[in-house]
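Novice: Below is the structure I would like to discuss, written out as structure tokens.
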Amino acid sequence: MREMEAEVHLHLERSASAGRDGDADAAFDAARECAKAERALVRAREKAGLADAQAPELTFAAQLNLAHRQHRRGQYDDALETYRAIAKNKQFPRHAGRVRVNMGNVHYERGDYPSAIKMYRMALDQVDANDSKETRFKIMRNIACAFSRMGQYVDAARTFQDVMATEPDLVSGFNLVVCHYAVGDADAMLNAFRELLALRAYEPEEGEEEETTGPGTAAAGGPNPDENPNGLPGGGDGADAAASALRADALLAEDGYKAETRKRQMRAHEKIITAAKLIGPCVARTPERGYALLAEEMQSAGYASLAHELEMEKALAHLKTRRFTPGAFEEGKRGLRAFEKKDDRLRAKAATNLAFLYYQEGDVENAATYADLSVRANKYDARALVNRGVVSWRRGDVSGAQEMFEGAVRLEADCVEAVYNLGLVHKSRERYAEALAAFEKVRAMLPDSIEALFQLGNVAELTGDLPGAISRFEALSAIVPDDPGVLARLGAAHEKMGDEAKALQCYVEAHRVYPSNADVISWLGAFHVRREAYEVASPYFKLAADQRPSEPKWRLMEASCDRRAGKLAVAHEKYLAVHAEHPTNVECLRYLVHVCGDLALEEDVNRFTVKLRKAERDAGGGASTRAGPPPTLLGGLGGEEKFGGIGLGGANANRGGSRGGGASSGTRVGDEGGLPLGARAPLAPVAEPPSPTPPTPSAPGGAASEDEWGGGELGDDLLPGM
């Protein structure tokens, strides 16, 4: 019997050890063997007539451990069945309430919140009245969390308020603020925030040494799952201060109590600053006043460092409202500069924001100054390294930029901006395999990233993988169906593949979305001219002429379409109108000589022939003078930088369609036009430097043509004879 009991204990310990190490499968296997061994032990004792020697505590431990391991493996039905058997077993009356709590947690995790609430309430009824109040109020807190998940924020707030009135704790205080925010009750938000500050959770008592902490000294996160697995999700400012954390950890390495206290204190600070940033824009008429009010409350409660953090948020709020509030931009910059006199952590974060800000304004020198300052203050901040890399790139130091981006990735492997910009560096150096790997990594982190998808298609084009480029551009077009730049790129790729039907479809759709793109108009006109559909081509050239009246080439194309369609008189009038505005245009004079000959206007033929010869002599010994550079197909879409190769603002993100010339060339970092959003230190995007020799946009399917039809091969009979 002793050996069998020892075997049960051995399996139980093995299951607990495997669970501690995170091996859920091994823990479950050991728990199952433990339950089998325990049942065998019970049968052996009954057979030997030792029923009075049974150990119900061991039976309870084996069954509870098995249910817990089933829960961890996601076997919810099995776990509930095992818990139900334990709760109904009259041998364990004192534990029924706690088992009901576990059953509620299983229902909560499955998303069955009404059943979870039912179990929690049953647990409240069954928990021994002599149990600690803390246990009962933790159950109430779980009930409130379930209400919040169901969207019943009023009920959730009422329950959290009951907890705070009797047994206040950090998680309940934070979640109470969130519930009032969801309801939109500004006064209740402010009162709940004051209650949260009044807790002074994990703060040192008067006379004790206080550690320098703040939300920036630890990784941002939500409520502790060990402390409240069902709490409302929290957020954080995302500021990275790894150097400070490492120094503090070294000092506290041999003092476990202080280390744990410091960890909990940082978690408390994280929740306080997150709550302040959440409700700041709502507790006053403007976000700036709201942040100022909360900062005063934090100062009064003894949270000076967190108040400084909120003052930075106030400065960022000024920047976000710069378009609507006169003077807000300068006020925001002054607020950020004030942090140069604060402690290292705040000074570094302010410098990161200022570097980003000046970069967006085009002031590279000041951006470089603040980027260097942020790196010196905290070389372990990935965002500071990204900003410094951006400045190096803009200055032409591509190697230095690559080093900074790689350093940022080493610090934070999931720093999207660093990975994306590193991909741009590799692409500029024609390291296409590395560029593809970087952009694929961005897509893995952000599956809906239109910028990464565009870059993948662009790199496929550069490597000659047209099917791959078409596949990516089609996927991109599905996400942003009204982006004319994407449609035009897709059309160009289809024509290079020889599929003119699909190319025409893409260009027609691009023209429908954005009728003012001269490159798309030129392609459509030339396409119909090549098929001798002159009456179809003419309206496209007329539209281009109306949009660019100072460029005679479009009106000449329109007139030539009329001439080829047999409308000689109409063409003659249009040529005369162009000649009246541009009397020395050689092409126009040639067309006039030709059309006058077709109309048998001998005097006009002679008159325009004399003018043509004089214009050719003036142009330099008979050389042909063009009305301007010939319109090339996809002139604004052929180079990848035209798609907006800045940071993460590459592809046009406007789901309603671009109206700025095909593909967006502006920066899109945040909804506020590139300004830092939220509590996270913003990243300056990186711009692709101009090529030493800009690529010549080529017509889809061949080299750029020199005629006035936008790249299509036209017969000699379309040009005037001499």
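Novice: At each listed q (0.13, 0.19, 0.24 Å⁻¹), what is the log10 of I(q)/I(0) that the Debye formula gives for region 507-593 modelled as equal alpha-carbon point scatterers?
Specialist: After summing over all Cα pairs, the log10 values are -0.39, -0.80, -1.15.
Novice: When the Kirkwood radius is taken over all Cα pairs of region 446-575, what Stokes-Einstein diffusion coefficient follows at 10 °C and 1.306 mPa s, in µm²/s?
Specialist: It comes out at roughly 100 µm²/s.
Novice: Please give the length that would be gained between Lys36 and Arg395 if that part of the chain were fully extended, namely 0.36 nm times their separation in residues minus their C-alpha to C-alpha distance (nm, one decimal).
Specialist: Length gained, Lys36 through Arg395: 122.2 nm.
Novice: Using 10 Å bins from zero, what percent of all Cα-Cα pairs in region 377-475 falls into each bin?
Specialist: 18, 45, 29, 8, 1
Novice: Which translational diffusion coefficient, to the nearest whole µm²/s, is obtained for region 315-454 from the Stokes-Einstein equation, given a Kirkwood hydrodynamic radius over C-alpha pairs, 10 °C and 1.306 mPa s?
Specialist: 101
Novice: From the alpha carbon gyration tensor of region 356-408, can you work out the equivalent ellipsoid semi-axes (sqrt of 5 times each eigenvalue) and give them in Å, largest to smallest?
Specialist: Value: 16, 14, 8 Å, ordered largest first.
Novice: Also, quick follow-up: With no solvent and one equal point scatterer placed on each C-alpha of region 25-164, evaluate the Debye formula and give log10 I(q)/I(0) for q = 0.12, 0.14, 0.15 Å⁻¹, two decimals.
Specialist: The Debye formula, applied to the Cα set alone, gives -0.56, -0.72, -0.80.
Novice: Can you tell me the length gained on complete extension of the stretch Ala26 to Arg158, counting 0.36 nm per residue apart and subtracting the Cα distance?
Specialist: Fully extending the segment from Ala26 to Arg158 adds 43.3 nm.
Novice: Take the Cα pairs of region 328-395, get the Kirkwood Rh, then feed it into Stokes-Einstein at 37 °C and 0.692 mPa s and tell me D in µm²/s.
Specialist: 284
Novice: Moving on to the next point. Tabulate in residue order the Karplus-calculated ³J(HN,Hα) for region 406-413, using 6.51 cos²θ - 1.76 cosθ + 1.60 with θ = phi - 60°, rounded to whole Hz; enter x for Gly and Pro.
Specialist: Values, residue by residue: 5, x, 5, 5, 5, 6, 9, 5 Hz.
Novice: Okay, which of region 597-617 sit inside 12 Å, backbone N to the point 7 Å along the Cα-Cβ direction of Thr584?
Specialist: Within reach of a label on Thr584, which here means backbone N under 12 Å from a point 7 Å along Cα→Cβ, region 597-617 contributes 614-617.
Novice: Report the label-to-label distance for Ala437 and Lys47 in nanometres (one decimal), using points 7 Å from each Cα along the Cα→Cβ vector.
Specialist: 6.2
Novice: Moving on. Using mean Cβ contacts within 10 Å as the protection proxy, how do 162-171, 303-312 order, highest first?
Specialist: The densest-packed peptide leads the list: 303-312, 162-171.
We did not get these values from a lab; they are worked out from the coordinates using the rules stated. Model, not experiment: these values are computed from the prediction. FYI the Cβ positions are ideal-geometry reconstructions off the backbone, even for glycines, and counts take in every protein chain you see.
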